[in-house]
């Protein structure tokens, strides 16, 4: 018995052929490194390449795998332990490195991670976590920072995404560098430990449109380059705060942009001379994030005499980008 008649079979065959061709386009994603970065039961080949502290006798740094904490359980951790008689500021650095992986398809990619910071019993020392996630191209030797964030005090689990670009056939690794430091000097009466944890660390290559639209894709509507240029100055608000070797700026993603914002911020002594290192952050629509900029040593003296500072802003929303400069008042605390 025939299941279709006349041209109906041809129509159905055509529909099926189109469906077969269309299906891979939205689902052609590759996740690296192997294991997907969930850390459920193991470190999945990640290792600690650096663990140091500026006060070796009174401060120790370590990193590794923690099977009891995560999202769900299982994560990478960067620990800092402080002895009871510490009477100075501390700064520790822990670097975590993924196994190498070779990508099969080039193009746009997204680096995702979940992070949490616990200040433990050292809350009175006002510890802060500055971390970055870099993509290292072993083939070309180049590095690119996809995620960078400063966290003041304890913070619950939160997801972060950063944009990256990869080349087919190149070998890569992911580096997470966690720097934990105190902003209040120790009095010798406190001891304890802080912990920075990272989970679900993975690079996705060839994300489909629905994933890219999370907070910044086509679902958020289109924005023109001219409109983004008009809104770019509103992505930072003053005043900027100077605290020692760091300068803090409040960055925001105006709702009028209609996309998540990727914002690069750099302090300038002049339009050609940098005062700070550059930081890049991703901010959801309508949200605000505090950004810490490291002051360059040669600029520290000049910065001390200034009441205002120029900032260069590069703002990306979807596929549209804009660059502007804005002057902010400086305060010191």
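Scan segment 119-139 for residues that are surrounded by fewer than 20 Cβ atoms within 10 Å (Cβ to Cβ) and either farther than 27 Å from residue 315 by Cα or touching a helix residue (DSSP H, G or I) at 6+ places or on another chain (Cβ under 8 Å) (or both) and the total you get is 7.
Among strands (runs of 3 or more DSSP E) lying entirely in segment 224-333, which contain 2 or more residues that are closer than 17 Å to residue 161 by Cα? Even if it seems obvious, please write down each step before you answer.
Working: elements: 236-243, 246-252, 261-268, 279-283, 288-294, 308-317, 320-332.
Counting at least 2 such residues, we get 246-252, 261-268, 279-283, 288-294, 308-317.
Considering each of 282, 287 in turn, give the residue that is under 19 Å from residue 131 (Cα atoms) and under 22 Å from the mean Cα position of the chain (by Cα). Give the derivation first.
Working: 287 fails: under 19 Å from residue 131 (Cα atoms).
Of 282, 287, the one residue that is under 19 Å from residue 131 (Cα atoms) and under 22 Å from the mean Cα position of the chain (by Cα) is 282.
For segment 184-201, give me each residue that is surrounded by 19 or more Cβ atoms within 10 Å (Cβ to Cβ) and part of a strand (DSSP E or B). Scanning segment 184-201 gives 194, 195, 196, 197, 198, 199, 200, 201.
Sort through 178, 240, 232 and tell me the only one that's at pLDDT 85 or above, under 22 Å from the mean Cα position of the chain (by Cα), under 30 Å from residue 68 (Cα atoms) and buried (at least 16 other Cβ atoms within 10 Å of the Cβ).
178
Within the set 292, 277, 260, the sole residue that is assigned by TED's automatic domain parsing to the domain that holds residue 246, free of Cβ contacts under 8 Å to residues at least 24 places away in the same chain and either buried (at least 19 other Cβ atoms within 10 Å of the Cβ) or farther than 18 Å from residue 227 by Cα (or both) turns out to be 277.
Condition check ((1) loosely packed, with under 15 Cβ neighbours inside 10 Å; (2) outside the structural domain of residue 138 (by TED's automatic domain parsing); (3) in a strand (DSSP E or B)) across all residues:
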residue: 44; (1), (2), (3): no, no, no
residue: 51; (1), (2), (3): no, no, yes
residue: 56; (1), (2), (3): yes, no, no
residue: 61; (1), (2), (3): no, no, yes
residue: 66; (1), (2), (3): no, no, yes
residue: 79; (1), (2), (3): no, no, yes
residue: 88; (1), (2), (3): yes, no, no
residue: 95; (1), (2), (3): no, no, yes
residue: 99; (1), (2), (3): no, no, no
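For the residues 121, 181, 140, 144, the requirement of being outside any strand (DSSP E or B) and either in contact with a strand residue (DSSP E or B) (Cβ under 6 Å, 6 or more places away or on another chain) or closer than 20 Å to residue 277 by Cα (or both) singles out 121.
The values are calculated or read from the model by the stated rules, or taken from the named source; none is laboratory data. These numbers were taken from a predicted model, which means no experiment stands behind them. So basically every Cβ, Gly included, is an ideal-geometry build from the backbone, and we count neighbours across all protein chains shown.
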